[in-house]
Amino acid sequence: MPETSSKILIRQALSVAGLGVTSVAAAFGQVVAANNDSKDGTVETVVATGRRTSLDTLPQTILDTPQSINVVPLEVIREQGVGNLQDALKNVPGITLNAGEGGTHGDLVNLRGFSAGDDFFLDGLRDTGLYTRDAFDYDSVEVFKGPASTLFGRGSTGGVINQVTKSPQLSPIDDAALAFGTNDEVRATADINTVLGETNAVRVAVMGQRSAVAGRPYVKNQRWGIAPSLAAGIGTDTTFTLKYLHQQEDDVPDYGIPFLFGEPAPVARNTFYGLPTDDRFKSEVDVVTGRVEHRFDDTFSISDTVRYGHYWFDSRQTAPTYGSANCYTAAPYSGAPLCSATSNPVPVTTFNPLYPVLGTPLNQIFVERDRPSSKGTIATMMNSTDLTARFGTGLARHTLIAGVELDREDADLIRFANQNTAIVPTPLPDPDPSEVFPGHQTTVRQRPVTKTSTIGLYVIDTVDIGEHWNIVGALRFDHFSATFDQTVGAPSHFTHVDNIGSPRAALVYKPTGNYSFYFSYGTSFNPSAENLSLAASNADLGPERDRTFEAGAKAQILDRRLSLTAAAFNTVMTNARITDPLNPSLQTLAGKLRVNGLEFDVSGYVTPQWEIFGGYTYIAPRAVGLVVPGVSGPVPNTARNQGSLWTTYEFDERLKIGAGVNYVGRRDAGSDNATVPGSVIVAKVPSYVTWDAMISYRLTDTFGLQLNGYNLTDEYYFANSYFTRPGENHTVPGAGRSVLLTANLSL
């Protein structure tokens, strides 16, 4: 689609979104009207659009906020038996999972076609570390879609993911759960809230887990955590909250299987290429957050949040990679390429297998053991202050927020020498996990130290004009600076400074209190040191810049029990970093990324007993220059079609059943220009559908059992992928069928 048609697309999509929401709303109303008339009782759960987010900078309800926002509530997390953030995000269409590389592990996702590895937030402040984020302390998960640097600073091209943690409250809580799974899982959690006087409380959440992965031998997940919090002045004009998160993990990681001839290698799901006697991913996370809120009067209020974070990790893992040889001195099978007939021959050796080309028998393909291990620490200090003023000017009512954000992040890493040339290659169809190897890495290859500093100033004005119109205007200025030092091997030193302005504007029309239509414009920026790293190739480059137009409609129907949303969006990055065609050792801001899409979401209750939570996203991505300068190609790991649905029915106060489906369409992983010389093959991850189910029964007022089944059809699918070049890539199979039984105690 030509770029000039983007505005036409948005105008058409706005009509589609509005008609879609109003039509579905009418249909739902007609279908359940009779049922509602004959039912008594109310639903205490507030639907997503009727609530506010946890951010001070978004003062309105989600219904009146001109942006796509998905909220995964605690109830859905509990019903699905969710144990980590990635499983919670399966409920949010538009998110696909990435696989790690070079020692990178933890949570890695794409959001609306763009990497969101640096766009994780915890209670509104950036959560920078590399670790598997457990859900034991979650109150909800908020996903804000589309560029929003006015709200979050750097990044947020596709959006951000905000983890909202549990806070002390003025009512006692004594909950505990113990779960056992067919994947050798044992998980224990507890949540205890104690009231201390009329306005004070303390709360503690704890977790411990050990589990395997169904269908993936040798993979292990072990972690524990504790999250105490204290609040004083709850419900008064001045509230102080102090939270602490400590989490540790010690896993045997999974780097999956390699691509072969443009698709995942045709091997069994239990094929494992790691070396489990040494492979480890360990992390230790400590995050302390303090927050003060004060209400001066009906006009002015202020909040200040400060955080210290310390993230340590040690990553040792083994991934399959292909060799670079292109011929044999003596043919081991009929039709094998011989060096005597090959131009520029690179003969097969003990440690360098043949790079597979079309026609190579599967049993003649061998892979190297790639071991790009690393360890290090990331330390962060952040402070965010927001001053809010609510006042009127004529017919308009303003909610004006002025704020300042200070952010310091330091990364001190160690990268070890790779051992891929010191381990004998293993057969692709039948790798040997107990193969002899020279032990874990001890030779330091690099010791990069990166320090970044951010000063952000912003103002956001939300203007209500009468009962039906709302205007949002925002502007943020960021001063972002970075230093990079590498003293091991070839020393290097780089500095980088960006001064960036980020505007935001939106218009909301509310025909009634239950409906809203909006059109918004937002921007974001991605500096070269965004992911706490700099290099000679990008140290002198300015930031990538992008903008999004989004049109949408939101509705609350069935006595505000059910929320419906629809949106159309167009995101364009006109200066993506790509390899400089005139100097391959440098990068240039000459690439272009464009993502057009439609999204539909539903959440809440159809009847007082029937809950539904789901969504669908269609994304049309296009990239220019990522593979070859000036040439169109795929946007990696972006599914054009993606949808999920979770629904439960509560028969009475004791019995509840639920079921869910998750669909992810085919994704492009990367481009292969070596398998067939002179041509380009786009490696693809197949589409998949998984089915889950749940049944819970409360035996007494305090004790209940819950049974969850996952991937009930035992679908062999691939959850995430990584593709950097034809010889170095992998995709990780999803878990096979498993069952989890949870005993819940609530005193």
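Between region 275-349 and region 387-421, how far is it from one alpha carbon centroid to the other, in angstrom?
25
What full-extension length gain, to one decimal in nm, is calculated for THR194 and THR443 as 0.36 nm per residue of separation minus the Cα-Cα distance?
Details: separation 249, 0.36 × 249 = 89.64 nm, distance 5.07 nm.
Roughly 84.6 nm would be gained on extension.
Of the peptides 153-161, 707-715, how do they stack up when ordered by the mean number of other Cβ atoms within 10 Å, highest first? The partial results should precede the final answer.
Values: 153-161: 27.2, 707-715: 16.9.
Highest-to-lowest ranking by the protection proxy: 153-161, 707-715.
What does the convex hull of the Cα atoms come to per residue for region 487-596, in Å³? Kindly include the intermediate steps, with their values, before the conclusion.
Numbers: hull volume 15.3 nm³, N = 110.
Taking the convex hull of the Cα positions in region 487-596, it is 139 Å³ per residue.
Would you calculate the separation in nanometres between label points at ARG51 and LEU74, each defined as 7 Å from the Cα along the Cα-to-beta-carbon direction?
0.9
What are the semi-axes of the equivalent ellipsoid for region 591-707, taken as the square roots of 5 times the Cα gyration tensor eigenvalues, largest first, in whole Å?
Numbers: eigenvalues 393, 51, 15 Å².
One finds semi-axes of 44, 16, 9 Å for region 591-707.
Set the Förster distance to 35 Å, then compute FRET efficiency between ASP174 and ALA389 from the Cβ-Cβ distance, nearest 0.05. Present the calculation step by step, with values, prior to reporting the outcome.
Working: r = 41 Å, r/R0 = 1.17.
With R0 = 35 Å, the Cβ-Cβ based efficiency is 0.30.
Using only Cα atoms, locate the centre of region 501-573 and the centre of region 686-724, then give the distance between them in Å, rounded to an integer.
31
Viscosity 1.306 mPa s, temperature 10 °C: what is the translational diffusion coefficient of region 220-339 from Stokes-Einstein with a Kirkwood Rh over Cα pairs, rounded to a whole number of µm²/s? Don't skip to the end; give the middle numbers.
Values: Rh = 20.0 Å.
The estimated diffusion coefficient comes to 80 µm²/s.
On full extension of the chain, what length is gained from SER632 through HIS398, given 0.36 nm per residue of separation minus the C-alpha to C-alpha distance? Let's see the in-between values first.
Details: separation 234, 0.36 × 234 = 84.24 nm, distance 4.54 nm.
Between SER632 and HIS398, full extension yields 79.7 nm more.
To the nearest 0.05, what FRET efficiency results for VAL689 and GLU263 with a Förster distance of 22 Å applied to their C-beta separation?
Details: r = 18 Å, r/R0 = 0.81.
Efficiency, rounded to the nearest 0.05: 0.80.
Pairing the Cα long axis of helix 6-37 with the longest principal axis of the chain, what angle in degrees results, from 0 to 90 and rounded to the nearest 10?
The helix 6-37 is inclined about 60 degrees to the chain.
Once you put a point 7 Å from the Cα of GLN609 and another 7 Å from the Cα of PHE703, both along the Cβ direction, what distance in nm separates them?
Label at GLN609, label at PHE703, 2.7 nm between them.
What does the highest-first list of 432-443, 131-142 look like by mean Cβ count within 10 Å? Walk me through the numbers before you get to the answer.
Numbers: 432-443: 12.3, 131-142: 22.5.
Ranked by mean Cβ neighbours within 10 Å, highest first: 131-142, 432-443.
How far apart, in nanometres, would the label points at VAL202 and ALA743 be if each is projected 7 angstrom from Cα along the Cα-to-Cβ direction?
The two pseudo-label positions are separated by 2.8 nm.
Starting from the Cα gyration tensor of region 416-572, take the square roots of the eigenvalues, sort them a ≥ b ≥ c, and report rounded, prolate or oblate (rounded when a/c is under 1.5, otherwise prolate if a/b is larger than b/c, else oblate).
Taking the square roots of the gyration eigenvalues as a ≥ b ≥ c, region 416-572 is oblate.
Expected output is a single nm value to one decimal: the length gained when fully extending between HIS493 and ASP714, i.e. 0.36 nm times separation in residues minus the C-alpha distance. What is it? Walk me through the numbers before you get to the answer.
On the way: separation 221, 0.36 × 221 = 79.56 nm, distance 5.09 nm.
Extending this stretch completely gives an extra 74.5 nm.
What are the principal axis extents of the Cα atoms in the chain, in Å, biggest first?
Ordered largest first, the chain gives principal extents of 85, 59, 49 Å.
All of the numbers you see were taken from the coordinates with simple rules; none came from a lab. Just so you know, these numbers come straight off a predicted model, no measurement behind them. Cβ sites come from the backbone with ideal geometry, for glycine too, and all protein chains shown count toward neighbours.
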